[in-house]
Amino acid sequence: MRITVNVNGEDRTREVEPRHLLVRFLRDDLELTGTHWGCDTSNCGTCVVLMDGEPVKSCTVLAVMAAGHEIRTVEDLADGDRLDPVQQGFIEQHGLQCGFCTPGMMLTGRALLDRNPDPSDQEIREAISGQLCRCTGYLNIVRSIRWAAREEAAVAAPEATTPATATATTGSQA
Ligand code: FES
Ligand code: FES
């Protein structure tokens, strides 16, 4: 079957078998190997990508089911040299060790913050509850996503820091 999937903002057309999985389409056909592949049985969640903004396990989605939809992979998170705040959060809060679960965790974090900019720790835990990490114990992953939420809130409300800056300026002039 000939399908066209919008991947990371670009229409990609390929001939695929009806049984071809989205994870294989991304990794093998498009060479987007940032999407990891673990259990192949919908258990580990390392294959998570965003489909129309929602996290999906790409080993449970047929490539033909993604035709006509928008898929976002980890390769699209950064804007050039500028990391997404979720990516930066994983650096700041040591949210990864081996990195195997990390692309899927970051995409789930991105989707969560896009619909809920100020999630509680419980809401973050619920969001990533379908994804396994063998390394971190999850605490630092939750901290990483929370760090990103705070960073985005600070950027969205720069006036919150303005009074302190004004006071400092006034003080230095006195
Ligand atoms: S590879 Fe998809 S859930 Fe494990
Ligand atoms: S960082 Fe190793 S599996 Fe999560």
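For beta carbons closer than 6 Å, sequence separation of 6+ or different chains, a first residue in the stretch 21-44 that is in contact (Cβ under 8 Å) with a residue 40 or more places away in the chain and a second that is in a helix (DSSP H, G or I) and surrounded by fewer than 18 Cβ atoms within 10 Å (Cβ to Cβ), the qualifying pairs are Leu32/Glu75; Gly34/Glu75. Taking the criterion of being open to solvent by 10 Å² or more (accessible area, probe 1.4 Å), within 23 Å of Ala156 (Cα to Cα) and within 15 Å of ligand 2 (Cβ to nearest atom), the only residue of the stretch 101-114 that qualifies is Met106.
Where strands (runs of 3 or more DSSP E) sit wholly within the stretch 28-103, those with at least 2 residues that are within 16 Å of ligand 1 (Cβ to nearest atom) occupy 48-51, 54-57. Working only within the stretch 115-131, note down all residues that are part of a helix (DSSP H, G or I) and loosely packed, with under 12 Cβ neighbours inside 10 Å. Scanning the stretch 115-131 gives Arg115, Gln122. The residues in the stretch 147-157 that are within 13 Å of Met105 (Cβ to Cβ) and open to solvent by 60 Å² or more (accessible area, probe 1.4 Å) can be counted, and the count is 0. Would you confirm, using the coordinates I've provided, whether Asp76 is in contact (Cβ under 8 Å) with a residue 60 or more places away in the chain, out of contact with any His (no Cβ under 7 Å at 6 or more places or on another chain), under 30 Å from Asp11 (Cβ atoms) and crowded, with 19+ Cβ neighbours inside 10 Å? In short, yes. Criterion first (within 16 Å of ligand 2 (Cβ to nearest atom), open to solvent by less than 30 Å² (accessible area, probe 1.4 Å) and under 18 Å from Ala149 (Cβ atoms)) does Ile91 satisfy it? Spelling it out, it is not the case that Ile91 is within 16 Å of ligand 2 (Cβ to nearest atom), open to solvent by less than 30 Å² (accessible area, probe 1.4 Å) and under 18 Å from Ala149 (Cβ atoms).
Filtered by the rule that a residue be over 13 Å from Pro103 (Cα atoms) and crowded, with 18+ Cβ neighbours inside 10 Å, the stretch 30-46 gives a lone residue, Leu30. In the set (1) within 16 Å of ligand 2 (Cβ to nearest atom); (2) open to solvent by 20 Å² or more (accessible area, probe 1.4 Å), Leu62 fails one condition alone, (1).
Determine if the stretch 19-35 includes at least one residue that is within 15 Å of Ile141 (Cβ to Cβ), within 15 Å of ligand 2 (Cβ to nearest atom) and either in contact with a Leu (Cβ under 6 Å, 6 or more places away or on another chain) or of a type in the set (A, V, I, L, M) (or both). Within the stretch 19-35, none of the residues are within 15 Å of Ile141 (Cβ to Cβ), within 15 Å of ligand 2 (Cβ to nearest atom) and either in contact with a Leu (Cβ under 6 Å, 6 or more places away or on another chain) or of a type in the set (A, V, I, L, M) (or both). Arg82 meets all of the listed conditions (1) open to solvent by 40 Å² or more (accessible area, probe 1.4 Å); (2) over 20 Å from Ile141 (Cβ atoms); (3) in contact (Cβ under 8 Å) with a residue 40 or more places away in the chain but one, namely (3).
The values are calculated or read from the model by the stated rules, or taken from the named source; none is laboratory data. Because the structure is predicted, anything quoted here is derived from the model rather than measured. Here Cβ is always computed from backbone atoms with ideal geometry, including for glycine, and neighbour counts include all displayed protein chains. These accessible areas exclude ligands, DNA and RNA; they are computed on the full protein's heavy atoms, side chains included. Shrake-Rupley method; radii C 1.70, N 1.55, O 1.52, S 1.80 Å.
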